[in-house]
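Asks: Just dropping this structure here.
Where a number appears in this text, it was derived from the coordinates with a stated rule and is not lab data. Not measured: the values here are computed from a predicted model. Cβ: placed from backbone, ideal geometry, glycine included. Neighbour counts: every protein chain shown.
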């Protein structure tokens, strides 16, 4: 039990460090964020750092869940997709805030959103498939 806790802690701290390094290379994020022309629903600048910290903690939790999984067949794909997602999250801040390449950052965000939606759909379809298989193969 304690070993799992330390694995979880290591995953979260490791991913948070990656996020911190990204923020370092991105430059003065609060100043750039304050100058942006933001929509009405954009969060205030003083909580954006908190949001990113929570996001990276959840990414660390996702890594722990993959490491702790007992499904060896799907682990390789999960590590691959996790790595792509982490790299894209890492470079997003650098591209958006550090380089002011807003369109490129928008495409990265769109790709991450599409990846999230496709992952959720595959989970839903797998769940439904299991439900229907159980119904169709039920003993009469």
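Asks: What's the number of the condition residue 32 fails, among (1) surrounded by 17 or more Cβ atoms within 10 Å (Cβ to Cβ); (2) closer than 17 Å to residue 109 by Cβ?
Replies: (1)
Asks: As an exercise: evaluate residue 80 against (1) loosely packed, with under 11 Cβ neighbours inside 10 Å; (2) within 15 Å of the chain's Cα centre (by Cα); (3) farther than 20 Å from residue 10 by Cα and give the number of the one condition it does not meet.
Replies: Condition (3) is where residue 80 drops out.
Asks: Now for a different question. I need a count of the residues in segment 66-76 that are free of Cβ contacts under 8 Å to residues at least 40 places away in the same chain and either surrounded by 14 or more Cβ atoms within 10 Å (Cβ to Cβ) or part of a helix (DSSP H, G or I) (or both).
Replies: Of the residues in segment 66-76, the ones free of Cβ contacts under 8 Å to residues at least 40 places away in the same chain are 66, 69-76.
If we keep only those that are either surrounded by 14 or more Cβ atoms within 10 Å (Cβ to Cβ) or part of a helix (DSSP H, G or I) (or both) as well, we get 66, 72-76.
Of the residues in segment 66-76, 6 are free of Cβ contacts under 8 Å to residues at least 40 places away in the same chain and either surrounded by 14 or more Cβ atoms within 10 Å (Cβ to Cβ) or part of a helix (DSSP H, G or I) (or both).
Asks: Considering only segment 22-65, state which residues are in contact (Cβ under 8 Å) with a residue 60 or more places away in the chain, in a helix (DSSP H, G or I) and farther than 21 Å from residue 79 by Cα.
Replies: Those that are in contact (Cβ under 8 Å) with a residue 60 or more places away in the chain, in a helix (DSSP H, G or I) and farther than 21 Å from residue 79 by Cα: 23, 25, 26, 29, 32, 33.
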